[in-house]
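What follows is a short report on a single structure.
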Amino acid sequence: MKPQPFLRIFVSPAALCALGFLAAMATVLQYSLRAYVPGSLDVGGFTLDNFTALLRPLYARVFLDTVWICFLTAACTLIVAYPVAYALVHAQNRLIKAAILVIAVTPLFLGEVVRTYSWIVVLGNNGFINSVLLKLGLIDRPLQIMFTTFAVVTALVHVTLPVMVIMLAAALAHIDPAYERAAQSLGAGPIRAFLSVTLPLSTPGIIAGVATAFAWTFSAFATPQLIGGGQVNMISNLVYQLGLASFNFPFAASLSVAGLALTFAVLSLLRVAARPLERFGPH
Amino acid sequence: MSSLAAERRLEGHAETLPTSGSDDASVRLLGTCKRFGAVTALEDATISVRRGELMSLLGPSGCGKTTLLNLVAGFLAADSGQIEIDGERVNDIPTYKREIGMMFQNYALFPHMSIAENVGYGLRMRGIAKPDLKRRVAEALALVRLTGVEDRRPHQLSGGQQQRVALARALVISPRVLLLDEPFSALDRNLRASMQIEIKEIQRQLGVTTIFVTHDQGEALSLSDRIAVMFEGRIRQVGTPDEIYRRPADRFVASFVGDVNVLRARLDSVDGGLAAVTLGRARISVSREPLTRVRPGDRVDLFVRPEQVRFAQAGEPIAVEGTVAAHIYQGDHVNLYVDAPEVCASRLLVRSLEPDAITRWPIGARVGVSIVGTGAIAFEAEPDQRGGEPRSG
Amino acid sequence: MVGTLAVLAILGFVILPAVVVTLAAFNDKAILAFPPETWSWRWFATALAYDDFRSGCVNGLIVAGWASSIALLVGTAFAFALDRYAFPLKRTIEAVLLSSLVVPHFTIGLGFLILAAQIGWARGFAVVVACHVVLVLPFVLRSVYVSLRNLDQRLELAAASLGASPARVLGTVTLPLLVPGLVGGWLLAAILSFNEFTASLFVTAQRTQTLPVAMYNYVREYADPSMAALSVMYILATATLLTVANAYLGLGKVLNVEPRR
């Protein structure tokens, strides 16, 4: 075997981080199985009550809403991101390329709160859209855009767009342009060539992007909290409410565990769906 | 294989090798084996590179030549057998203590260092003081005829210049052995020829022992003092270029080095060290050595170089008759391909220096071919005899 | 043509909030109006003078500095081992570290909050930094790993053949060539950590509150444009940083979206 200098020094810190993370997750799991003692931060004995409580219509509804919003967001993001990724990879002018990249990627680095606040300013009752529509005389009183699923999904698409663009662009960048040219030389029009060659070859990027968009949306908190305003609730809001407002850590933990299980279920489902498509991939 | 068996075999080799000659050897491998998983990359390699000589490792890709080089460099560890540099066993000595100089296929110049820093790197690792270091870097760059580029970065130089830097970097530390890994493959044809001459001159001038890996037989023939021909992990033959070309040890060496026609013939008779074979209507005298297991009347394959075949002139005995099938014009000569199904399943390659060869022997012309000189070699016929194709490297 | 218009429209959608929030920031009145009737810089002054924003910014820099630097050290070493070495639990450790990408941040925040309480840590900076290290580590790991993959290993062999010991190969060849990847990874980690909100909301206390948390609390309480002014400064700083990063490091390369040659 080849010598592996510094192996221990290189791996131990990472192993420690992994252990810390696992410990945090294990704590959540442990708490999800404990009884809640009202008015106290301490927890009671082991129980499955928290999980049976999740089946109550109130919570089941939030779960369904969350999945629906995640699905909607991922699908919309894909449709919106694909043209941008394509333009980014195929732009000839370096300056245009850099501009697209910076514009498309900046929201990623803005943070949830700034982005969410900006959307409140855009969508609010005396916000930008309503002001413009009123000025133009198209409406005579403000539209109620805030606190709707539409508003939440719009803001969430804005959140997931950059990462989707990056993942699609990475996939598109690794497709040899000669394939599309070959298809065109064989008589396929540009659209046919794209649909029959480039699109299938970018499938791995699409799957990765959709999976990430789904996971990020699931994780979003400030957006549904501030733009949903209690009318549109996601699991994250419930966890926060239960954990930091009512100090019902066991129930918050069980919600987290169920949410985590749901995330991994959806992600592995996506992976399974991707498997037959992956052999078309460029690698 | 158990290590015990390997050890025993190693002893066997040590006995057969002239130990007195070892002070002449700069690099020596004794029964060295290297496997990657189930693949044997190098099988039982025993070879001795003499001090100051340029030894080529020649063979097709995957023959084990790069593995052998990497074992000498210490980038790989041998599974069994011994590797010596200057009489010292180096199996367990890491690369950086082996005092070797290596030139890589893509030169591997450090992109973040200037030319002077690149060349001086090995000296810095050896703790050479600054003034001395500077002088030796300048000397090394002068040796490869590259001056005034000290402060540039590698990517600012041409391919040929980069190669000079790589050579200077490898030589400046006065290595015990210089290892060259396909150093000319990235250069265009003209540059390649001039760099080959230059490297050979520098190597001779410094007298540095050099191991040179190549898959290009022409390169190996023109540069080497000796060549080791390798195939499928084994060293097939070690010898001077002339020995390799004229007295190939086996069918593989004969067909890999130089162009060759493989013709169907029959063993006629044996007489001491010589044997006579019948090819068409001619009788040709060959060495008996590769034919020890063949009896008179048996089929043999006769290996004939293109320059040993020519179109029979008036009155000259004709060995075989055939039809001209194709011409390849090469400037200084013409390659003519002749259909002669009687002796050769593929086409017979005849090399003509006549400027009017193409008009003299047009396609479709019937020609008589004769064998000239005594350079032909016969080997035992291969079981599934299809008649080889003339191969070129 | 249709494609170009679509791309322009989408890019418009991406920058619309930034443009609108900029307009709002210069509105003199405390209540939103488009276009603003009178213009003013006063909300910028208000935002800069607000105590929670100031301490949040300082706390955020402390946390981001520590978390990204620790993640850089840990991630670089591990990416190196991942690329070169074989060791037990290699894939397991990698999978655990990368899984923080898909585990919801509220779960991670909740986990570290409860864990810190259980082992008796006060809600100080340590737990915030630990949580952020776990969150940004995948990004550093990926950035360094990609750089390592692109590194021609023959350069290291060349250094070894010239007499450099493994430690000196690392110091004189490997690390210097990794610098763009390291800087890119560190920058990415620092920006992400400084912006991290959901997990921070769980693990920070009043004393360790980072800027996003302070902003969130402000938005819940007040509606005046000082938040818009702060957002504008935020957007400008981030865009500048990214443009610089793109010019010097090639963001395309860091993010792996350059077409292959």
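The values are calculated or read from the model by the stated rules, or taken from the named source; none is laboratory data. Every value quoted in this text rests on a predicted model; they were computed, and no experiment measured them. Cβ sites come from the backbone with ideal geometry, for glycine too, and all protein chains shown count toward neighbours. What goes into the accessible areas is simple: the full protein's heavy atoms, side chains included, and nothing from ligands, DNA or RNA. Shrake-Rupley method; radii C 1.70, N 1.55, O 1.52, S 1.80 Å.
Loop-resident trypsin sites (Lys or Arg not before Pro) (DSSP state other than H, G, I, E or B) in segment B:164-240 with no more than 15 further Cβ atoms inside 10 Å of their Cβ are absent.
What's the average, rounded to a whole number, of partner chain beta-carbon atoms within 10 Å of each residue's beta-carbon in B:94-100?
On the way: counts 5, 10, 10, 3, 3, 2, 4.
The mean count of partner-chain Cβ atoms within 10 Å per residue comes to 5.
Plugging the Kirkwood radius over Cα pairs into Stokes-Einstein for segment A:162-206, at a temperature of 20 °C and a viscosity of 1.002 mPa s, what D comes out in µm²/s?
Numbers: Rh = 10.7 Å.
D, rounded to a whole number, is 200 µm²/s.
Cross-link partners for residue B:97 among the lysines, with Cα-Cα distance under 27 Å and sequence neighbours closer than 8 places in the same chain left out: A:2, B:34, B:65, B:130, B:134, B:200. Peptides C:149-155, A:257-263 ranked from most to least packed give A:257-263, C:149-155, packing being the mean of other C-beta atoms within 10 angstrom over each peptide's residues. With all protein chains present, how much of the accessible area of segment A:56-280 (probe radius 1.4 Å) comes from carbon and sulfur, to the nearest whole percent? Ligands and nucleic acids excluded, carbon and sulfur give 68 percent. Membrane-span-like helices in chain A, defined here as complete DSSP H runs extending at least 15 Å along the helix axis by their C-alpha atoms with mean Kyte-Doolittle hydropathy no lower than 1.0, are A:7-32, A:57-90, A:94-105, A:112-123, A:149-173, A:203-219, A:249-278; this is a sequence and geometry rule, not a statement about a membrane. Mean-square fluctuations from a GNM of chain A, with a 10 angstrom spring cutoff on Cα atoms, peak among A:106, A:149, A:77 at A:106.
Could you grab the Rg to Rh ratio for the protein assembly as shown? Cα atoms only, Kirkwood for Rh. Provide the component values of the computation, followed by the final result.
On the way: Rg = 37.2 Å, Rh = 33.7 Å.
On the Cα set of the protein assembly as shown, Rg over Rh gives 1.10.
Give me the percent of Cα-Cα pairs in chain A that sit more than 25 Å apart, rounded to a whole number. Kindly include the intermediate steps, with their values, before the conclusion.
Working: 24429 of 39903 pairs.
Summing the P(r) tail past 25 Å for chain A gives 61 percent.
Could you tell me what percent of the DSSP beta bridges with both partners in chain B are antiparallel, to the nearest 5? Of the beta bridges lying entirely in chain B, close to 80 percent run antiparallel.
When a/c reaches 1.5 or more, the comparison of a/b and b/c decides; with that in mind, is segment C:1-119 rounded, prolate or oblate per its Cα gyration tensor? Judged from the Cα gyration tensor, segment C:1-119 comes out oblate (a/c at least 1.5, b/c at or above a/b). Mean per-residue shielding of peptide A:26-39 is 2, counting Cβ atoms of other chains within 10 Å of each Cβ. With the convex hull of the Cα atoms taken as the outline of segment C:123-210, the averaged projected area works out to 6.5 nm². With every protein chain in place and a 1.4 angstrom probe, the accessible-area ranking of B:93, B:328, A:145, largest first, reads B:328, B:93, A:145.
Counting only protein heavy atoms and a 1.4 Å probe, chain A has 46 square angstrom of accessible area per residue. In this rough spin-label picture, where each label sits 7 Å from Cα along the Cβ direction, the residue C:30-residue C:175 distance is 5.5 nm. Restricting the trypsin sites (Lys or Arg not before Pro) of segment B:282-370 to loop positions (DSSP other than H, G, I, E, B) with no more than 14 neighbouring Cβ atoms within 10 Å leaves B:293.
Look at where the Cα atoms of segment A:27-83 and of segment B:297-330 average out, and the two centres are 86 Å apart. Normalised Debye scattering of segment B:259-380 at q = 0.11, 0.14, 0.20 Å⁻¹ gives log10 I(q)/I(0) of -0.37, -0.57, -1.04, counting only Cα atoms as equal scatterers and leaving out solvent.
Positive end of the dipole of chain B (Cβ unit charges, origin at the Cα centre): among B:343, B:248, B:71, the Cα lying farthest that way belongs to B:71.
Quick check: at a probe of 1.4 Å, how many percent of the accessible area of chain B sits on carbon and sulfur atoms?
Using a 1.4 Å probe with all protein chains present, chain B comes out at 48 percent carbon and sulfur.
Mean per-residue shielding of peptide C:214-220 is 4, counting Cβ atoms of other chains within 10 Å of each Cβ. Prolate is the label for segment B:29-145, because a/c, from the alpha-carbon gyration tensor with a ≥ b ≥ c as root eigenvalues, is 1.5 or above and a/b exceeds b/c. With the biggest extent put first, the Cα atoms of segment C:178-233 measure 46, 27, 16 Å across the principal axes. Excluding same-chain neighbours fewer than eight residues apart, the lysines reachable from residue C:29 by a Cα-Cα span under 30 Å are A:135.
Result for chain C in a Gaussian network model with C-alpha springs under 10 Å: among C:214, C:167, C:122, the largest mean-square fluctuation is at C:167. Here residue C:91 sits with roughly 140 square angstrom of accessible surface, probe radius 1.4 Å. How many angstrom lie between the C-alpha centres of segment C:201-250 and segment B:66-98? Value for the Cα centre distance between the two parts: 58 Å. Comparing mean-square fluctuations of B:334, B:208, B:262 from a GNM of chain B with C-alpha springs under 10 Å, the top value falls on B:334. Would you kindly calculate the translational diffusion coefficient of chain B, applying Stokes-Einstein with the Kirkwood radius from alpha carbon pairs, for 37 °C and a viscosity of 0.692 mPa s, and quote it in µm² s⁻¹ without decimals? Result for D is 139 µm²/s. Only protein heavy atoms count here; under a 1.4 Å probe, residue B:332 has an accessible surface of about 110 Å². P(r) tail, chain C: Cα-Cα pairs separated by more than 31 Å, 40% of all pairs. Across the protein chains, with a 1.4 Å probe defining accessible surface, the residues C:170, C:97, A:29 rank A:29, C:170, C:97 from largest area downward. Seen against the Cα atoms of chain B and their longest principal axis, helix B:115-125 is set at about 70 degrees.
Here is the P(r) of segment C:1-40: all C-alpha pair distances, binned every 5 Å from 0, give 6, 24, 20, 13, 11, 11, 8, 5, 1 in whole percents.
Using a 1.4 Å probe and counting only protein heavy atoms, arrange B:363, A:120 so the residue with the most accessible area comes first. Don't skip to the end; give the middle numbers.
Numbers: B:363 110, A:120 40 Å².
So, going from the largest accessible area down, we get B:363, A:120.
Relative contact order for chain A: what is it in percent, counting Cα pairs under 8 Å that are at least 6 residues apart?
On the way: 326 pairs, mean separation 76.2, N = 283.
This gives 27 percent for chain A.
From Cα pairs below 8 angstrom and at least 6 apart in sequence, can you work out the relative contact order of chain B, rounded to a whole percent? The partial results should precede the final answer.
Working: 826 pairs, mean separation 58.0, N = 393.
Rounded, it is 15 percent for chain B.
Rg over Rh for segment B:322-386 works out to 1.02, using Cα positions for both radii and the Kirkwood form for Rh.
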